[in-house]
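First the structure, in the form of structure tokens, and then the observations on it.
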Amino acid sequence: MIQPLLIEKIVSGSAMQNILSVQSLTKKFDDFTAVNDISFNVEAGSIFAFLGPNGAGKSTTIKMLTTVLRPTSGEISINGFNALKEQDRARASFGIVFQDHSLDDELTAYENIVYHAVIYKVPKKERSERIRKALEIVGLWDRREDYVKKYSGGMKRRLEIARALVHYPKILFLDEPTVGLDPQTRNAIWNHIRSLNKERGMTIFLTTHYMEEAEAIADQIAIIDHGKIIESGTVEEIKNRTETESLEEAFLKLTGRDIRDDNVPGNKMRTIRGMRRRTRR
Amino acid sequence: MTEVIYILWLRQLQHYWRSKARLLGSLGQPLLFLVTFGFGFGPMYARASGGGNYMDFLAPGIVSMSILFTAVFSGLEVIWDRQFGFLKETLVAPISRTEIMIGKTLGGASIAMIQGLIVLSLTYVLGFRIPSLASLGLGLVFMFLIAVFFTGLGLTIASKMKDMHGFQLIMNFLIMPIFFLSGALFPLENLPPAIYFISRIDPLTYGVDGLRGAIAGMSVFGIYNDLAIIGSLSILVCAIGAVLFSRIEA
Ligand SMILES: Nc1ncnc2c1ncn2[C@@H]1O[C@H](COP(=O)(O)OP(=O)(O)O)[C@@H](O)[C@H]1O
Ligand SMILES: [Mg+2]
């Protein structure tokens, strides 16, 4: 039986256009506000880049969107499901590559991916083929029987990305996926992500410090600083509004040139005067 | 559903088999207890009980002890998963929190059972004999219930802990008293009222008593009472664990 609400969604179409919809999302850690009343929408099938200096609140936002952290207040709808109340159905809609480590070092690379494929209910018939493909994309197929503890940092990162590619979520969150990877690997990964986006209509939600990556790949951009969204739109719109030539210049103009430390509790920001802030390379 | 539980279970057994040091290390303590207590208190026990064999009394206690510690540790492993970041991977998956609880409980309980069986065979070497296959079967049921209860307890505690800082606290003020006041080492008779009371609310008391009744023919409360108590406590702790797991943040 089709529920009346569902019919309404199908008929009007508008409710499903935004695969992700966030309203007045706020997260407080004790009395420190990491994410401060942000609202935005992400269109189904688009590539959305969420940019901001260290400590701006990007990861905290992603953790709330992916049910890992409970918001202090606000509403999140993913793929039409309320991420706070219909957690299981929301979870079935997304995949995520976290910013920090999330592998089991005591298992082999292959075992890590199989574990993932099973808990994400990838059909048995397709499993080995998809795993092989994902590991080949990141160049780890030949090292699949190695224990993860023997992997280098870059290899671990590639494995985490491969893992997120074995189930085909509606929306894929990538929190600084390419940090520490060489240009060849970054290129291969972005090409694959772009093809997933084009061929499967998979929505991509990413954060990165490489402005040229964001500029090249993103349809829509939001810039967050001190827990507030300070600018959003297409790359062109942002460049026009800030009267700059590149996204990097626009970013620096909007967020200032001071260097930030992330993860400094209490008050998160330290400024080092007179030094030019550069994106991490 | 079943495959998800299987893969969670499998991961824990893979961890267990691969760390041979942990496997061997955790046999040291039961062996030490069996030998020192067994031979040290044997003569005293024989005098006090009018000719009883202390090894018959002690063996079920030490088997329970090894299950208790292995099970609690397996449950608490979730704290390591949290610290190393792997817990997130499981928690964001579209699987029910009850499945996670069941998979992890069965994984930890299986390891504790294996450990208990190894210790049980050590007691055989030291002269302990189980009267019949039927009593061995009943004994395995009790071993499994002890394993399930304490893995569930470990998981429940772990779901509330952010890091390993509280570990010593839990060992010294919860697990050690549970062990020493369970009647695993000495009969719970002629105790001061406070100690007596604690021993009666200690879940392991009923596990040890049931196991001892099953494989050594000595029970204070009656095997079926023990079975009912430790069985319902196991279900209760797993239910509480599942609820707490549904609120957990990584
Ligand atoms: N668990 C936490 N407890 C306290 N403060 C936190 C916690 N997690 C993040 N923060 C703080 O929230 C702010 C935003 O962090 P984060 O979202 O990780 O930033 P970003 O990903 O944009 O670099 C930082 O100042 C950080 O120190
Ligand atoms: Mg971050």
Which of the trypsin sites (Lys or Arg not before Pro) found in the range A:79-108 are loop residues per DSSP with 15 or fewer other Cβ atoms within 10 Å of their Cβ? A:K85
Can you classify the range A:178-221 as rounded, prolate or oblate using the Cα gyration tensor, where a ≥ b ≥ c are the square roots of its eigenvalues, rounded means a/c under 1.5, and otherwise it's prolate if a/b beats b/c and oblate if not? oblate
Counting only heavy atoms of protein chains, what accessible area per residue, in Å², does the range B:15-104 have with a probe of 1.4 Å? 38 Å²
Distance from a point 7 Å along Cα→Cβ of A:E136 to each backbone N in the range A:95-119: keep the residues under 12 Å and list them by number. none
With a 1.4 Å probe and every protein chain left in place, tell me how much accessible area A:W141 has, in Å² to the nearest 10. 50 Å²
GNM on chain B, C-alpha springs below 10 Å: top fluctuator among B:M101, B:M171, B:M55? B:M171
Can you pull a Stokes-Einstein diffusion coefficient for the protein assembly as shown at 4 °C (1.567 mPa s), Rh from Kirkwood over Cα pairs, as a whole number of µm²/s? 50 µm²/s
Below 16 Å, Cα to Cα, which aspartates and glutamates can A:K85 reach? Residues fewer than 8 away in the same chain don't count. A:E75, B:E249
Which residues belonging to the range A:58-100 lose at least 30 Å² of 1.4 Å-probe accessible area when the assembly is complete, relative to their chain isolated? A:V68, A:R70, A:D88, A:R91, A:F98
Between A:I137, A:I38, A:I119, where does the largest GNM mean-square fluctuation fall for chain A, given springs only between Cα atoms within less than 10 Å? A:I119
Comparing B:E77, B:E189, B:E99 in a Gaussian network model of chain B (Cα, 10 Å), the one with the largest mean-square fluctuation is B:E189
Give me the summed buried accessible area for the B-A pair, 1.4 Å probe, to the nearest 100 Å². 2600 Å²
Within 10 Å of the Cβ of an average residue in B:89-101, the count of other chain Cβ atoms is 6
Threshold 30 Å², the range B:1-50 residues less accessible with all protein chains present than alone (1.4 Å probe): B:E3, B:V4, B:I7, B:R11, B:Q14, B:H15, B:R18
The number of Lys pairs in chain B whose alpha carbons lie under 18 Å apart, excluding pairs fewer than 8 residues apart on one chain, is 4
For A:M64, B:M44, what's the largest-to-smallest order of accessible area, 1.4 Å probe? B:M44, A:M64
Any idea of the accessible area per residue across the range A:24-256, 1.4 Å probe, to the nearest Å²? 40 Å²
Nearest 5 is fine: what % of DSSP beta bridges in the protein assembly as shown come out antiparallel, could you say? 55 percent
Over the heavy atoms of B:L236, what accessible area does a 1.4 Å probe trace out, to the nearest 10 Å²? 100 Å²
Helix-only estimate, please: 222 nm mean residue ellipticity of the protein assembly as shown, summing -39500 (n - 2.57) across DSSP H runs of length 4 or more and dividing by its residues, to the nearest 500. -18000 deg cm²/dmol
Under 5 Å, built H, 5+ apart or other chain: amide partners of A:E231: A:I223
If you take the beta carbon distance between A:E245 and A:N187 as r and set R0 to 22 Å, what does 1/(1 + (r/R0)^6) give as a FRET efficiency, to the nearest 0.05? 0.40
Estimated FRET transfer efficiency (A:E236, B:N172; beta-carbon r; R0 60 Å; 0.05): 0.40
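Using a cut-off of 14 Å between beta-carbons, work out the net charge of the residues near A:I204 (Lys and Arg +1, Asp and Glu -1, A:I204 not included).
Net of charged neighbours comes to -2.
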Applying the Karplus parametrisation 6.51 cos²θ - 1.76 cosθ + 1.60 with θ = phi - 60° to the phi angles of the range A:167-173, what ³J(HN,Hα) value in whole Hz is obtained for each residue in order, glycine and proline being reported as x? 10, 9, x, 5, 9, 10, 9
Size of the range A:24-256 along its principal axes in angstrom, Cα-based, largest extent first? 49, 41, 33
Summarise the accessible area of the protein assembly as shown (1.4 Å probe, protein heavy atoms) by the percent that is carbon and sulfur. 59 percent
Once A:I76, A:I229 are ranked on solvent-accessible area with the largest value leading and a 1.4 Å probe, the list reads A:I229, A:I76
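The values are calculated or read from the model by the stated rules, or taken from the named source; none is laboratory data. Just so we're clear, the structure is a prediction, and the values are computed from it rather than from any experiment. Glycine gets a Cβ as well: all are built from the backbone with ideal geometry, and neighbour counts include every protein chain shown. Just so you know, the surface numbers come from the protein's heavy atoms only, side chains and all, with ligands and any DNA or RNA stripped out. Shrake-Rupley method; radii C 1.70, N 1.55, O 1.52, S 1.80 Å.
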